[in-house]
Amino acid sequence: MDLFAQQLVNGLTLGSIYCLVALGLTLIYGIMEVPNFAHGHLYMVGAYVTFFAMTLYGLNYWLSALLAGVVLAVLGVLMERIVFHPLRHAPASNKFIAAVGAMMFLEALARVLWGSDFRSIPVIYDKVFTIGTLRITEQRLIVIIAAIFLMIALNLFLKKTIIGSSIEAMAQNRDGASLVGINVNNVAMLTFAIASILAAGAAALAGPIFLVFPSMGALIIMKAFVIIVIGGMGSIPGAVLGGYVLGITEAMGASYISTDYKDVVAFLVLILILTIKPTGIFAKGVR
Amino acid sequence: MLKVKNLSVAFGSYRALQDIELEINPGELVVLLGANGAGKSTLFRAISGLIRPSAGTIEYNGKTITGQPAHQVVRYGISQCPEGRQLFPMMSVEKNLLLGAYARRKDREGVRRSLRLVYDLFPILQEKGHLSAGSLSGGQQQMVAIGRALMSAPQLLLLDEPSIGLAPLVVKQMFETIQRINEAGTMVLLAEQNANMALKISHRGYVLENGRVVMHDKSEALAGNEEVKKAYIGG
Ligand SMILES: Nc1ncnc2c1ncn2[C@@H]1O[C@H](COP(=O)(O)OP(=O)(O)OP(=O)(O)O)[C@@H](O)[C@H]1O
Ligand SMILES: [Mg+2]
């Protein structure tokens, strides 16, 4: 039971990170109809920005996270303009290839600029709370709470503001959105900016717990991809639920089965869920 | 007023529209008749800026708007209720309507007035305001689509087969509503296959065949024309 509660906390921490990354991926999928495989690499850049802001420039943790958000928003918009905008009328396979290209480019760039070493973002919040035998580090608590905060903010933006609604409108019906006066270009840039900010947030939160290295994006994008397939491509609640389910399942798998199989768990869950419900849990209406 | 001159649209080598000449004057309700595949929706999409014409010009109030993107065209006062409705199915009816006013969202008072107007035209929509648009019946969704198009307070309303798939009684109401919208001062271009009622409420009409305008005249004249009768009225 103790182990279970402990792993639940670990799973929620991991799940929070997955949620934030998967949300960005699903938002972009909604408007581009192609998963942006380079999204995980934006997460990686976010982690580096946070790392350098803290270690090189001595910014405090939260300012570093904020800076990562700003830098990533710009980078996300640039990616949309340079990589995907020119391909907006091209078939999906071209966008796929472009996304993979952007991914390889960013990873190579990170290796050139920052080397292949593993780094870790300094841990500021190192208190440990104990409830009975359950131990929660302050940083994990911050991850869980901050992720919820970011998700609520995102939800309010999408549901309560007309600009936010334009993202959902475009995902639900592109022609309809254009006809009411929504500028497809602006929405695409806005969506990339928001998704990138979420990735930066995830990276800054995860940074002090996990390691920072150039290929860290490749693993998380696989996970995020699994999550949005599980949750239903383009579905926001699906990404949140899928993120937590995967995080918790992995944490449980790691302790009850074997840490070696931790990353396999994701794909087992994927196969299982797609066998039961091939369209994903929250599939959008039949297109 | 809208002036379409010499307009052609091509999809690859296929010429969907050729040398279309069409105009709509202030106060007019104009019907566009044509069988399946005649090119009605293509003409609408070109006017709204969803597709680019390969030749010709579209003028609106003396300004050339050819090639302008759709999100800009609606800001000039041309609004379209498209074929297939193109609603935001997972959003509430009210949100669909409010998004219809996206281009003039800063005019909060005006938006509220337009919403009032739409709810007066279609009281059922107010009742169903909080349901998702995708959950409504076909006829009600059609009302949402027309309502959404009206929310931009257009001077020119393009209606692409608004009566399709509706029960006869609802069709009749729909045409009465369209007439009322027109009488309130909005120019209307109405695409229809079912010419009977459309010719009764409209001032003038164009007949489109294989991407060309083959006839245009006053509606009474078209209604009395043997060919039109045979092809579009049935009898
Ligand atoms: N995107 C496209 N690519 C290729 N061909 C197209 C495209 N859109 C329309 N067409 C073709 O152009 C012609 C005119 O189509 P359009 O949809 O304008 O007809 P319509 O008069 O609206 O017909 P309906 O009454 O069935 O709606 C058709 O032959 C159609 O197949
Ligand atoms: Mg059509």
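The table below gives the values:
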item: Fully extended contour minus Cα-Cα distance, from B:LYS200 to B:ASN25, at 0.36 nm per residue; result: 61.2 nm
item: Dipole magnitude of chain A about its Cα centre (Cβ charges: Lys, Arg +1; Asp, Glu -1), debye to nearest 20; result: 440
item: For region A:2-215, diffusion coefficient by Stokes-Einstein and Kirkwood Rh (Cα), 25 °C, 0.890 mPa s, µm²/s; result: 136
item: Shape call, region A:189-287: gyration tensor on alpha carbons, a/c limit 1.5; result: oblate
item: Reachable lysines, given that their alpha-carbon falls under 28 Å from the alpha-carbon of A:LYS127 and they are not under 8 places away in the same chain; result: A:LYS262
item: Restricting region A:13-87 to chymotrypsin sites (Phe, Trp or Tyr not before Pro) in coil, as DSSP defines it, with at most 10 other Cβ within 10 Å; result: A:TYR57
item: Chain B, dipole about Cα centre (Lys/Arg Cβ +1, Asp/Glu Cβ -1), debye to the nearest 20; result: 760
item: Convex hull of Cα atoms in region B:127-198, direction-averaged projection (nm²); result: 5.1
item: Expected-Rg normalisation [2.2 N^0.38 Å, Cα atoms] applied to chain B; result: 0.98
item: Subset of A:LYS223/A:LYS277; A:LYS160/B:LYS128; A:LYS95/A:LYS160; B:LYS40/B:LYS230; B:LYS63/B:LYS106; A:LYS160/B:LYS106 violating a 26 Å alpha-carbon distance limit; result: A:LYS95/A:LYS160
item: Rounded tilt (10° steps) of A:138-160 against the dominant C-alpha axis of chain A; result: 20
item: Peptide B:73-80 - average C-beta neighbours from other chains (10 Å radius); result: 2
item: Neighbouring partner chain Cβ atoms per residue of A:167-175, average, 10 Å criterion; result: 5
item: Calculated FRET value between A:VAL100 and A:LEU78, using beta carbons and R₀ = 22 Å, to 0.05; result: 0.80
item: Calculated P(r) tail over 38 Å for the protein assembly as shown, as whole % of Cα pairs; result: 39
item: Note, ³J(HN,Hα) from phi for region B:183-193, Karplus 6.51, -1.76, 1.60, rounded to Hz, x at Gly and Pro; result: 5, 7, x, 8, 5, 10, 10, 10, 8, 8, 9
item: Heavy-atom accessible surface of chain B: percent carbon and sulfur, 1.4 Å; result: 49
item: Estimated distance in nm for a label pair at A:TYR57 and B:GLU176, the labels positioned 7 Å out from Cα along Cα-to-Cβ; result: 6.7
item: Using distinct alpha-carbon pairs, which all enter the 1/r mean, Kirkwood radius of region B:43-126 in Å; result: 14.4
item: Vicinal HN-Hα couplings computed from phi for region A:193-198 (Karplus, 6.51 cos²θ - 1.76 cosθ + 1.60; Hz; Gly/Pro x); result: 4, 5, 4, 5, 5, 4
item: Whole-percent carbon and sulfur share, accessible surface of region A:1-137, 1.4 Å; result: 70
item: Peptides ranked, highest mean first, by Cβ atoms within 10 Å: ranges A:117-125, A:235-243, A:102-110; result: A:235-243, A:102-110, A:117-125
item: Residue of A:GLU138, A:GLU168, A:GLU250 that the Gaussian network model of chain A assigns the largest fluctuation, springs spanning Cα pairs under 10 Å; result: A:GLU138
item: Environment charge at B:LEU99 (Cβ cut-off 12 Å; Lys +1, Arg +1, Asp -1, Glu -1); result: +2
item: Exposure of B:MET1 as accessible area (Å², to 10), given a probe of 1.4 Å and all protein chains; result: 60
item: The protein assembly as shown: antiparallel DSSP beta bridges as a percent of all, rounded to 5; result: 60
item: Centre separation in Å (Cα based) which lies between region A:181-201 and region B:25-65; result: 32
item: Gain in span if fully extended, A:ARG119 to A:ASN185, counting 0.36 nm per residue against the direct Cα distance; result: 20.1 nm
item: q = 0.11, 0.21 Å⁻¹, region A:13-120: log10 I(q)/I(0) [Debye, one scatterer per Cα]; result: -0.38, -1.21
item: Shielding by partners, peptide B:94-103 (average Cβ within 10 angstrom, other chains); result: 5
item: Of B:ALA70, B:ALA149, B:ALA221, the one that fluctuates the most in a GNM where chain B has Cα springs shorter than 10 Å; result: B:ALA221
item: Helix B:138-150 vs. chain B, principal-axis angle (Cα, 0 to 90°, nearest 10); result: 90
item: Amide proton proximity set for B:VAL188, modelled H, under 5 Å, gap of 5+; result: B:GLU28, B:LEU29, B:VAL30, B:LEU157
item: Counting DSSP beta bridges with both ends in chain B, the antiparallel % (nearest 5); result: 50
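The values are calculated or read from the model by the stated rules, or taken from the named source; none is laboratory data. It should be emphasised that the depicted structure is a prediction, and the values quoted were computed from it without experimental measurement. Please note: Cβ atoms are built from the backbone with ideal geometry, for glycine as well, and neighbour counts cover all protein chains shown. Areas reflect the complete protein model, heavy atoms only, side chains present, ligands, DNA and RNA absent. Shrake-Rupley method; radii C 1.70, N 1.55, O 1.52, S 1.80 Å.
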